[in-house]
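Okay, structure first, notes after.
The values are calculated or read from the model by the stated rules, or taken from the named source; none is laboratory data. Computed from a prediction, not measured in an experiment: that's the story for all the values here. Methodologically, a virtual Cβ is constructed for each residue, glycine included, from the backbone with ideal geometry; neighbour enumeration extends over all protein chains shown.
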């Protein structure tokens, strides 16, 4: 544990009793959940009205909005000198949020796998681009900041965060171009959403039939701000509770803080699946994870203790590899579209949860 590195950023929370932090955590979580469920509905309406693809809307709009708490937490942790917490929060969040898909699959689609309802070529491209970005992040963690080459920008920004951010922008461009002109379409039966999901979606569209697109954008902005505020307090009290319980900074960054900052993804994904926007739900998670990698650049800008990848331990590369594994499992599920379940969830979701739990156990001992 390194309390001297965390104290400055969390003094106002660690000075409170743990029950007080738990109360703030719960209140922030409620705000995030309420606003997050609205976000997915607004983005679904926006995608339908503007013709923007569901996958691209999920990646850019939902992924960006639900990543606001990660951005706030990462900047705060990095500026207070907690490089490991900031880095492991980003990498650990990738694994955590893929597990969110499995959780939603188990809770909402009992009897049918989530990937059965997501036969989109663009989703496969989003997932492949995510694997590319996470692999680059793993290379950055393993190699450090290549200090021997002395490649830095603005005096304290290494080459890796810049490369990751540029690569992320490139993936957005590729996804946007591809979704507008997909090269292939799935064959075979296309499973339809359950009647309840279609009914909910129809009712939702009817409710906002008289609402202009401009006003929808305003609602989206308000919900995003609520997610940012609630997510910030959830993440900061989560960090404070972690310090008060005395668990290691790296493990907490990959688990408790990653879980806290993943609440927006949980709420938006849950809501999207509930009214049948399955492809957007998956794209939200995959897009958020891609943005997690890009956030190493603002983390580097905020961190003044050197180069952030030089401060991360090799065990973080294990987290990155775990993120690649669980993403690949879901891509396989989207391709195969197996209509079988285990314990009420898809085989791919069951495999993701198993790999996640085993991986976190290994990471703890690392």
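Brief remarks on what is shown
- Number of positions in segment 343-363 that are under 18 Å from residue 108 (Cα atoms), touching a residue at least 24 places away in the same chain (Cβ under 8 Å) and part of a helix (DSSP H, G or I): 6
- Members of segment 83-141 that are under 16 Å from residue 164 (Cα atoms) and in contact with a strand residue (DSSP E or B) (Cβ under 9 Å, 6 or more places away or on another chain): 140
- Per the listing 350, 309, the residue uniquely in contact with a strand residue (DSSP E or B) (Cβ under 8 Å, 6 or more places away or on another chain), farther than 30 Å from residue 41 by Cβ and at pLDDT 80 or above is 309.
- Subset tally (residues that are more than 14 Å from residue 269 (Cβ to Cβ) and either part of a helix (DSSP H, G or I) or modelled with pLDDT of 80 or more (or both)) for segment 101-124: 4
- Residue 81, sole failed condition from (1) out of contact with any helix residue (DSSP H, G or I) (no Cβ under 6 Å at 6 or more places or on another chain); (2) part of a loop (DSSP other than H, G, I, E, B); (3) modelled with pLDDT under 80: (1)
- The selection criterion, being closer than 26 Å to residue 156 by Cβ, over 10 Å from the mean Cα position of the chain (by Cα), assigned to a loop (DSSP other than H, G, I, E, B) and touching a residue at least 12 places away in the same chain (Cβ under 8 Å), holds for residue 306.
- Selection status of residue 229, under 20 Å from residue 23 (Cβ atoms), in contact with a helix residue (DSSP H, G or I) (Cβ under 8 Å, 6 or more places away or on another chain), at pLDDT below 75 and in a helix (DSSP H, G or I): no
- Scanning segment 5-55 for residues that are in a loop (DSSP other than H, G, I, E, B), loosely packed, with under 13 Cβ neighbours inside 10 Å and modelled with pLDDT of 75 or more yields 15, 17.
- Each residue in segment 338-352 was checked for being surrounded by 19 or more Cβ atoms within 10 Å (Cβ to Cβ) and touching a helix residue (DSSP H, G or I) at 6+ places or on another chain (Cβ under 6 Å), and 6 pass.
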